[in-house]
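The structure appears right after this line, and notes come after that.
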Amino acid sequence: MKGVWSKILKVDLTAGTSVIERVPDHVYEYFLGGAGLAAYYLWKECPAGTTAFDPGNRLTFAVGPLQGLRQSGAAKWSAAAISPSINMNADSGATAAFGSVLKQAGLDAIVMHGRANRPVYIVVDNDRVEIKDASALWGKDAYEAHDAIRALEGDRFEVATIGQAGERLVRYASIQTGKKSFVGRCGLGAVMGSKNLKGVAVTGNQVCPLHDQKAADKASTEANARMVAIDMSKPEEFRIKRLGTAMATALFAPQGNLPIKNYREADFPEGVAKLGGMPYVEQLNAEPWPCRGCVIQCHNHVTVEHEKYGYVGKGPEYESFAMMGFNVMVDDMKAVAYAGELANKYCMDTISLGGVLAWAFESYEKGLIGKDDCYGLDLEWGNADAMVELTKKIGERAEGLGHLLGEGTAIASRTLGGGSQDWAVQMKGQEIAAHNWRAQYISALNYCTGVAAGPNHERGNSQHIWVGHILLPEWGIDHVENEERWSWDKAADRNAKFHDYCNLINSAVHCKFMEFRGYTLTDLQKTINAATGLDWSMDDMRRCGDRITNLQKLLNMRYGWKKSDDFSYPKRFMEPVSTGPAAGRIPLGLDEAILDYYRCRGWSSDGKPTPETLHNLGLREYAA
């Protein structure tokens, strides 16, 4: 098959050795690459009983057939492992330039296992692979480690590193690359830390042959031009190139889609006025900071001038300032941005961090923890200084509350007790993201049924039918009414299609943010076929996504998933708010909707793929 190298690098950190493994075409024809390829290696090499911090856990960095194309969004890469937050298989993604350069190194993936006897980093330079001592880098933040590795190896290397949170096994630790893009969710940075792996540096100059270079260039040129034109047609406050994901506040607030005060409130006028939108650009001096080849340019580089919160670097994404701003009632944009950059350097997922902070603030409000437990901090809602300082304590795994909060809200609430599980807004061990289920019930269904990375908004994306007005007409989702966001009719089918779509695009590997400016399934189909020569129809595309979803479900089952896990959603799901666009709305009927999703997928009433479904997808051998 064209568009892939048909080879991966396997690194044994215990032995300090590496080997190239050839991958047969049928694996790519089934799972394509990226997230699908990573799931295949978990199935192949991580049996039941393997845990997140077990040396046998496979941490995979993978690309797909789209890396190397001159198409916006094709700099993406996927990472996967057994997650320390959900204790099942999980994948996440990042951009910058690391994925493109990994492909130029002549590889489709790096699969790492074992545990080094001292801190190390991996260097890949085309066919040369070395495992080098990183003892001097251990204890440094992720950006310092990034700069140190590039100083040692050269600026032509793209680098992925972890910070102190990963070293100290914060269960939602992330991995950074380019000092601006993050493998955010599911704690894969802690998996890296458990392996004594501080970083991975890659470079290369190889060009992967495509099936039809001219067709690939044509598909890229057309898609890129359309996305630029659509973005430029928007008012300034809704241009991604101007605001990045900060534009989401103006979109989400009128829908009741914001996470306010640990999801307890519907209104936060001061926050809506100050967080996101044009104030984001003006206060943070934000400028576009694109990933390689991107015309959307949603990342921002900021220069923040402030006595306490000043810094120069990455601007927060919507999820960051929503979870660390709205969710703890902090309306100071500079404080939220600064706390987010601290989290980036420690390498902590800002979604989970925001959920953890809000749980701690509510526990303080209700008297379960006091100042003596909080290092003298006053965790009053809206206290920016306390939010910033507690972020530091968690990143450092400070003794006491900081260490406990690094375990996530599921473990922290079980440990603290006192009813605090009632306001732990998490499922399966992972905090819920900044999309409010009251605004569109399908969000709750997605959180309950996701198999790629637990309750993950970006591995389901079905909320974007209303949140971002994203449809999949090629797969039958071509029109919706606003009121349907509070209906279960067609929700199971739509949710299943978006799960499969996300798995398809994360395995291709492509950035889903392109869809916000008109990138379509047809664009993806043209590009995949031009790169690979697979000649896939739309049915073939859906079948690939469906196959990956079912493989991930089989992995869930292998690592201990139970049907009851899907129904153990946060108590707050069924607590309404009294004002705002979603007043009185709660997802009643969610249990039946989950069962309907099972039926739609061809799974049993226990939520397991049936033998017939696996046979139809060619997956019978994977169920063994």
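The values are calculated or read from the model by the stated rules, or taken from the named source; none is laboratory data. The structure displayed is predicted, hence computed values, not measured ones. Heads up, the Cβs are rebuilt from the backbone with ideal geometry, glycines too, and the neighbour counts pull from every protein chain shown.
Of note:
- Scope the range 267-292; condition in contact with a strand residue (DSSP E or B) (Cβ under 7 Å, 6 or more places away or on another chain) and either without any contact (Cβ under 8 Å) to a residue 12 or more places away in the chain or buried (at least 21 other Cβ atoms within 10 Å of the Cβ) (or both); matching residues: Phe268, Leu284, Ala286, Trp289, Cys291
- Given (1) surrounded by fewer than 16 Cβ atoms within 10 Å (Cβ to Cβ); (2) not in a helix (DSSP H, G or I), number of the condition His615 does not satisfy: (2)
- Residue match in the range 5-25 (condition: assigned to a loop (DSSP other than H, G, I, E, B), under 26 Å from Leu353 (Cβ atoms) and not β-branched (Val, Ile, Thr)): no
- With respect to (1) touching a Leu at 6+ places or on another chain (Cβ under 6 Å); (2) more than 30 Å from Gly468 (Cα to Cα); (3) surrounded by 19 or more Cβ atoms within 10 Å (Cβ to Cβ), the lone exception for Leu401 is condition (1).
- Close pairs from the range 8-32: first over 24 Å from Cys502 (Cα atoms), partner surrounded by fewer than 12 Cβ atoms within 10 Å (Cβ to Cβ) and of a type outside the set (Val, Ile, Thr), Cβ under 8 Å, at least 6 apart: Thr14/Asn117
- Residue check for Leu588: within 30 Å of Arg264 (Cβ to Cβ), in a loop (DSSP other than H, G, I, E, B) and among the hydrophobic types (A, V, I, L, M, F, W, C): yes
- Residue within the range 359-375 that is assigned to a loop (DSSP other than H, G, I, E, B), of a type in the set (Gly, Ala, Ser) and within 13 Å of Asn262 (Cα to Cα) present: no
- Scan of the range 376-433 for residues that are among the small types (Gly, Ala, Ser), in contact with a Phe, Trp or Tyr (Cβ under 9 Å, 6 or more places away or on another chain) and in a helix (DSSP H, G or I), ordered by number: Ala384, Ala386, Gly395, Gly402, Ala412, Ser413, Ser420
- The residue pairs whose first member lies in the range 488-509 and is within 17 Å of Leu521 (Cα to Cα), whose second member is outside any helix (DSSP H, G or I) and among the polar types (S, T, N, Q), and whose beta carbons are closer than 7 Å, counting only pairs six or more residues apart or on different chains, are Arg494/Ser462; Asn495/Ser462; Phe498/Asn461; Phe498/Ser462; Cys502/Asn461; Asn506/Ser78; Val509/Gln67; Val509/Ser78.
- Asp372 in the same structural domain as Tyr318 (by TED's automatic domain parsing), surrounded by fewer than 21 Cβ atoms within 10 Å (Cβ to Cβ) and under 27 Å from Gly244 (Cα atoms): no
- Residue within the range 220-233 that is basic (Lys, Arg), modelled with pLDDT of 95 or more and part of a loop (DSSP other than H, G, I, E, B) present: no
- Of the helices (runs of 4 or more DSSP H) lying entirely inside the range 242-340, the ones with 1 or more residues being touching a Ser or Thr at 6+ places or on another chain (Cβ under 9 Å) and among the aliphatic types (A, V, I, L, M) are found at 269-274, 277-284, 318-324.
- Selection within the range 31-62 - among the small types (Gly, Ala, Ser) and either assigned to a loop (DSSP other than H, G, I, E, B) or not assigned by TED's automatic domain parsing to the domain that holds Leu188 (or both): Gly33, Ala48, Gly49, Ala52, Gly56
- Conditions (1) surrounded by fewer than 15 Cβ atoms within 10 Å (Cβ to Cβ); (2) without any contact (Cβ under 8 Å) to a residue 24 or more places away in the chain: number failed by Phe238: (1)
- The single condition among (1) in contact with a Lys or Arg (Cβ under 8 Å, 6 or more places away or on another chain); (2) part of a helix (DSSP H, G or I); (3) under 29 Å from Val228 (Cα atoms) that His510 does not satisfy is (2).
- Taking helices (runs of 4 or more DSSP H) as the structural unit, those lying wholly within the range 113-213 and holding at least 3 residues that are surrounded by fewer than 24 Cβ atoms within 10 Å (Cβ to Cβ) correspond to 142-153.
- Verdict on Ala215 being modelled with pLDDT of 95 or more and over 25 Å from the mean Cα position of the chain (by Cα): yes
- Among the residues here, Gly93 qualifies as crowded, with 24+ Cβ neighbours inside 10 Å, outside any loop (DSSP other than H, G, I, E, B) and either at pLDDT 95 or above or of a type in the set (Lys, Arg) (or both).
- Taking the range 518-546 as the range and being surrounded by fewer than 24 Cβ atoms within 10 Å (Cβ to Cβ) and under 30 Å from Phe238 (Cα atoms) as the test, the residues that pass are Gly518, Thr520, Leu521, Thr522, Asp523, Gln525, Lys526.
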